[in-house]
Amino acid sequence: MKILMVCLGNICRSPLAEGVLQEKLNRKGLDIKVDSAGTGGWHVGQRPDLRAIAIANKYGVDISHQKARQFSPTDFQEFDIIYAMDGSNLSDIVALAKSSEDIEKVRLILDELNVENNNYVPDPYYGGDEGFEKVYQLLDAACEIITKKMCNGKR
């Protein structure tokens with residue numbers, strides 16, 4: 001099983017989601033690989049935003065080793081589940097899909113919390129530290145549910 005987290009630049013939200021989920025899965029002893037990517041290529045090769053690294057460290061998650069990369073259509077073959085952080089990311093990913101099977105792999109990560117609402121992880125890039133805290137808490141809650149589903153063998 002392989003899971004991909006996708007945001008815009010792959011330096012804030014998706015690296016946090018990757019790190020949080022991988023940490024939770026590792027603690028449960030699950031052999032599931034988590035990666036992240038961005039729909040845009042502006043930050044390819046860069047480490048996550050220092051504020052993202054700091055908030056992850058605050059909660060015992062090290063994302064400092066991650067390097068940004070851009071989402072590619074080949075990711076549909078590589079990954080079983082692709083989580084988008086917001087509707088724009090979701091649309092950009094789906095636009096690269098070549099089949100209905102590809103599209104079925106894509107979902108909004110916060111739909112794990114509540115499918116009734118407009119479930120977008122806010123982009124904290126232009127905000128202050130409190131935005132990164134909010135994003136961390138949202139992703140932590142969603143990743144907890146994903147981990148429970150993986151422990152129970154559900155997708």
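The values are calculated or read from the model by the stated rules, or taken from the named source; none is laboratory data. Since the model is a prediction, treat every value here as computed from it, not as a measurement. Note: ideal-geometry Cβ built from the backbone for every residue, glycine included; neighbour counts use all protein chains shown. For the accessible areas, the whole protein counts, side chains as well, though only heavy atoms, and no ligand, DNA or RNA atoms are used. Shrake-Rupley method; radii C 1.70, N 1.55, O 1.52, S 1.80 Å.
Under 16 Å of direct C-alpha separation, and excluding same-chain neighbours fewer than eight residues apart, Lys28 reaches these lysines: Lys2, Lys148, Lys149, Lys154. Let me make sure I get this right: for the range 29-71, a, b and c are the square roots of the gyration tensor eigenvalues over alpha carbons, sorted descending. Under 1.5 in a/c it's rounded, otherwise prolate if a/b > b/c, else oblate. Which is it? Oblate shape, in that a/c is at least 1.5 and b/c is the bigger or equal ratio.
Of [x] 19; [y] 14; [z] 32, which one was derived for percent of Cα pairs over 27 Å apart from the structure shown? Calculated percent of Cα pairs over 27 Å apart: the matching label is [y]. Summary of the geometry: the range 1-77 and the range 106-155, compared by the centres of their Cα atoms, lie 13 Å apart.
Using a/c under 1.5 as the rounded threshold, could you call the range 70-155 rounded, prolate or oblate? The axes a ≥ b ≥ c are square roots of the C-alpha gyration tensor eigenvalues, and prolate needs a/b larger than b/c, oblate otherwise. Verdict is oblate for the range 70-155. For a paramagnetic label modelled on Ser88 (point 7 Å from Cα along Cα→Cβ), amide N atoms under 19 Å away belong, within the range 5-25, to 5-17.
Sort His43, His65 by accessible area with a 1.4 Å probe, largest first. Mind showing how you got there, number by number?
Numbers: His43 40, His65 125 Å².
Result of the area sort, largest leading: His65, His43.
With a simple spin-label model that places each label point 7 Å from the Cα along the Cα-to-Cβ direction, the separation between Glu101 and Lys149 comes to 2.0 nm.
Ile109 contributes about 0 Å² of solvent-accessible surface, heavy atoms of the protein only, 1.4 Å probe. Multiplying the residue separation of His65 and Leu30 by 0.36 nm and subtracting their alpha-carbon distance yields 10.5 nm.
Under the classification rounded if a/c is under 1.5, otherwise prolate if a/b is larger than b/c and oblate if not, where does the range 1-86 fall, given a ≥ b ≥ c as square roots of the Cα gyration tensor eigenvalues? It would help to have the intermediate numbers written out before the result.
Values: a/c = 2.08, a/b = 1.05, b/c = 1.99.
Oblate shape, in that a/c is at least 1.5 and b/c is the bigger or equal ratio.
Ordered from highest to lowest accessible area with the whole protein assembly present and a 1.4 Å probe, Met150, Met1, Met85 read as Met1, Met150, Met85.
Treating the beta-carbon of each Lys and Arg as +1 and of each Asp and Glu as -1, no other charges, what is the dipole magnitude of the range 1-98 about its Cα centre, to the nearest 20 debye?
Working: 12 positive and 11 negative charges, 49 e Å.
That gives a dipole near 240 debye.
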